[in-house]
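One structure below.
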Amino acid sequence: MEQKAYIIGDETVKKYLRVEDVIQCVEDTWRWYGEGKVVMPNKITTDMEKLGIHGWFNSMPAYIGPMDVAGIKVVGGYDANRELGMPYIKANILVTDSRTGVLKALMNGDYINDLRTGAQPAVMAKVLAAKTDIVTIIGTGLQGYTSLLCMSKVLDMKEVRLCDISEAAMDRFIARFPDAPFRFVKCKSNEEGCRGADIVITVTNANANLVEEPWLKKDSLVMTMGSFRETSFDVVRKADKIAVDQVGQSLHRGNVKELAEMGEITADSFDIIVPDVLAGKAKGRTNPEDRIYAQIIGTGMLDVACAGLVLKRIEESGEQIFSYDMSK
């Protein structure tokens, strides 16, 4: 029996996957997860530092029932990439036949990883934001760019404030949106960016108090996406509601990890589980005056779903993509 597996590069992925597709895929997959139609164990991290390799990678398997797509995303950070002129983060996705385990595709996951990361705050803001007039982005790297790119597709924004330690980085960021229907403001400090903002999003590699609680207005939405702490503890402690995209991983990673280790945050502390809201099983924002803190931890089911969509479109197109018979 032939066991044909496609080898799919990043340019091919871009050809078959639009920004709007990824946003819809994130929303649909979160909803399916809330409906119990997705199987997804918590991600596992392999840290190679103790054996002299300056890097780590996460293994993130999932099965998307409504799409009948099974697979695993392997994504990590590798210090050696900087010297090679490559991005620090590298992602690959395997898609397998859910009933036989036969490999269907090996796919470069970089574009999917970048776009689905940006789609998450867009979908979450659509669900949780009281207002979207003023959006502050702390961190103007690639993930900040994809976040604004996706938010610009679904949110009505009037002003986007940028905060970064590099003014040149902010200038490069602005240049990527030449026809933006909103105005950009380069802020001299994070405090300047946060005060009066409707949405504050942190997209950095920092482990620092980038956002302080007194800077935030009462009806704001604060979203953190980094791997470490990006706000003061009081931003979480004094929030009216705490939202997450997935409970299990949120206690062990990201902005609330230290509070969880101190016993201040437990699974019961999460007032809003966004997939449950999308599934109609729970309420999102119930009070326009609430300040909501949201941690977006990122889940492999989103990448597997996007990869499944790419594979489906390639097969429907009839385009001849390089493949290899894995039975040989």
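None of the figures in this text is laboratory data; all of them are computed from the coordinates on show. Predicted model only: the values in this text are computed from it and were never measured. When we count neighbours, we look across all protein chains shown, and the Cβ atoms used for this are built from the backbone with ideal geometry, even at glycine.
Packing-wise, with mean Cβ within 10 Å as the measure, how do 8-16, 198-206 rank, highest first?
198-206, 8-16
Hey, rough spin-label estimate for R183 and D234, points 7 angstrom out along Cα→Cβ, what's it come to in nanometres?
Going by the 7 Å Cα→Cβ label model, 3.1 nm.
Take the Cα atoms of the range 1-67, build their convex hull, and give its volume per residue in Å³.
187
Compute the relative contact order of the range 119-299 as a whole-number percentage, counting only Cα pairs closer than 8 Å that sit 6 or more residues apart in sequence.
23
Would the range 185-297 count as rounded, prolate or oblate if I go by the C-alpha gyration tensor, calling it rounded below 1.5 in a/c and otherwise prolate when a/b exceeds b/c, oblate otherwise?
Details: a/c = 1.78, a/b = 1.24, b/c = 1.44.
Note, shape of the range 185-297 comes out oblate.
Across the range 154-170, in residue order, what do the Karplus-derived ³J(HN,Hα) couplings come to in whole Hz, using 6.51 cos²θ - 1.76 cosθ + 1.60 with θ = phi - 60° and x for Gly and Pro?
10, 10, 8, 10, 9, 9, 10, 9, 10, 10, 7, 6, 10, 5, 4, 5, 5
For the range 130-220, what class follows from the C-alpha gyration tensor (a ≥ b ≥ c being the square roots of its eigenvalues): rounded when a/c is under 1.5, otherwise prolate if a/b is larger than b/c, else oblate?
Verdict is oblate for the range 130-220.
Mind running the shape call on the range 1-159? Use the C-alpha gyration tensor, a ≥ b ≥ c as the square roots of the eigenvalues: rounded below 1.5 for a/c, prolate if a/b tops b/c, oblate otherwise.
In terms of gyration-tensor shape, oblate.
Can you run phi through the Karplus equation (6.51, -1.76, 1.60; θ = phi - 60°) for the range 44-59 and list ³J(HN,Hα) in whole Hz, with x for Gly and Pro?
Each residue of the range 44-59 in turn: 10, 9, 10, 9, 8, 4, 5, 10, x, 9, 7, x, 8, 8, 9, 9 Hz.
Find the percent of Cα-Cα distances in the range 251-318 that exceed 16 Å, and round it to a whole number.
Across the range 251-318, Cα pairs with separations above 16 Å total 65 percent.
Where nothing but the Cβ of Lys and Arg (+1) and of Asp and Glu (-1) is charged, how large is the charge dipole of the chain around its Cα centre, in debye to the nearest 20?
240
Please list, in order along the range 79-91, the HN-Hα scalar couplings obtained from phi with the Karplus expression 6.51 cos²θ - 1.76 cosθ + 1.60 (θ = phi - 60°), rounded to whole Hz, x for Gly and Pro.
So the Karplus estimates, Gly and Pro as x, are 4, 4, 5, 4, 5, 8, x, 10, x, 4, 8, 10, 10 Hz.
Please list the radius of gyration and Dmax for the chain, considering alpha-carbon atoms only, with Å as the unit.
Cα only, the chain: 19.8, 65 Å (Rg, Dmax).
Indicate, rounded to the nearest 5 percent, the antiparallel portion of the DSSP beta bridges found entirely in the chain.
The answer is about 50 percent antiparallel.
Just need the relative contact order of the chain here, percent rounded to a whole number, with Cα pairs under 8 Å and 6+ apart. Don't skip to the answer; put the middle values down first.
Details: 720 pairs, mean separation 73.8, N = 328.
Averaging sequence separation for qualifying contacts and normalising by length gives 22 percent for the chain.
Rounded to whole Å and sorted largest first, what semi-axes of the equivalent ellipsoid does the C-alpha gyration tensor of the range 33-114 yield via the square root of 5 times each eigenvalue?
Listed largest to smallest, the semi-axes of the range 33-114 are 27, 14, 12 Å.
Could you sort out which of K153/K257; K37/K73; K50/K90; K188/K257; K15/K43 sit more than 25 Å apart by Cα distance in this structure?
The pairs that break the limit, which is 25 Å between Cα atoms, are K153/K257; K188/K257; K15/K43.
Rank-order 318-327, 60-69, 209-218 by packing density, defined as the average count of other C-beta atoms within 10 Å over each peptide's residues, highest first. Present the calculation step by step, with values, prior to reporting the outcome.
Working: 318-327: 11.1, 60-69: 20.0, 209-218: 18.1.
The peptides rank, most packed first, as 60-69, 209-218, 318-327.
Sort 114-126, 78-90, 262-274, 233-245 for me by packing, meaning the mean count of neighbouring Cβ atoms within 10 Å per residue, highest on top.
The packing order, highest mean first, is 114-126, 233-245, 262-274, 78-90.
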